[in-house]
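Taking it in order: structure first as structure tokens, then the write-up.
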Amino acid sequence: MRILVDADACPVKEEIYKVAFRHEVPVTIVSNSPIRVPAHPLIDRVVVSDGFDAADDWIAERCEPGMVCVTADILLADRCLKAGAFVLAPNGKPFTTSSIGSAVATRAIMADLRAGAVGDPIGGPPPFSKTDRSRFLSALDEMLVRLKRGR
């Protein structure tokens, strides 16, 4: 069991460390530039090139059943699910094999709308909130408990 983190824009790294330490689960922080991580034997940091999707490719190539990937990137979530990993968004909502298809489709529609927008820009997701942070903590803890029990 391991947690892989798409870390460049991840707002819940501290929460990941907290839950990982409690469950004694290794964490790999993957980013395009150096990110400060706790000096702890459970935490690894991988800095990849700044190439397009380099961090996503690194994570997807190493995802396997029993791992947890934390990412807000829908296309990376899809790749990790196909590899058999569990995927959790920073807002605490899990990506599942039954929900990823509609998430990919919605992403494509929104990209088309933004590309064709004239005048008022079409906004992105709502701002990250304390509720999102709390939901993430609970969801990651629950996911690790289920994995430890072999579900």
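The values are calculated or read from the model by the stated rules, or taken from the named source; none is laboratory data. All values derive from a computational prediction rather than experimental measurement. Cβ coordinates were reconstructed from backbone atoms using ideal geometry, including for glycine residues, and neighbour counts include every protein chain displayed.
Tabulated data for the structure shown
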| item | result |
| --- | --- |
| Scan of segment 48-63 for residues that are surrounded by 16 or more Cβ atoms within 10 Å (Cβ to Cβ) and more than 15 Å from Asp73 (Cα to Cα), ordered by number | Val48, Arg62 |
| Counted residues, segment 38-55 - those being of a type in the set (Asp, Glu) and part of a loop (DSSP other than H, G, I, E, B) | 2 |
| Hey, Ile109 in a loop (DSSP other than H, G, I, E, B) and either modelled with pLDDT under 90 or among the charged types (D, E, K, R) (or both) or not | no |
| Residue list for segment 12-28, restricted to those being within 23 Å of Pro127 (Cα to Cα) and either without any contact (Cβ under 8 Å) to a residue 40 or more places away in the chain or under 10 Å from the mean Cα position of the chain (by Cα) (or both) | Val12, Lys13, Glu14, Tyr17 |
| Residue that is closer than 20 Å to Ile59 by Cα, at pLDDT below 75, of a type outside the set (D, E, K, R) and out of contact with any Pro (no Cβ under 7 Å at 6 or more places or on another chain), where the choices are Ile100, Ile122 | Ile100 |
| Selection count where residues are over 21 Å from Thr131 (Cβ atoms) and of a type outside the set (Gly, Ala, Ser), scope segment 75-95 | 8 |
| Tabulated pairs, segment 132-151, first part of a helix (DSSP H, G or I), second among the aromatic types (Phe, Trp, Tyr), C-beta under 8 angstrom, 6+ apart or interchain | Met143/Phe86; Leu147/Phe86 |
| Members of segment 11-31 that are surrounded by fewer than 20 Cβ atoms within 10 Å (Cβ to Cβ) and of a type in the set (A, V, I, L, M, F, W, C) | Phe21, Val25 |
| Residue among Ile16, Ile35, Ile59, Ile29 that alone is in a loop (DSSP other than H, G, I, E, B) and in contact with a strand residue (DSSP E or B) (Cβ under 9 Å, 6 or more places away or on another chain) | Ile35 |
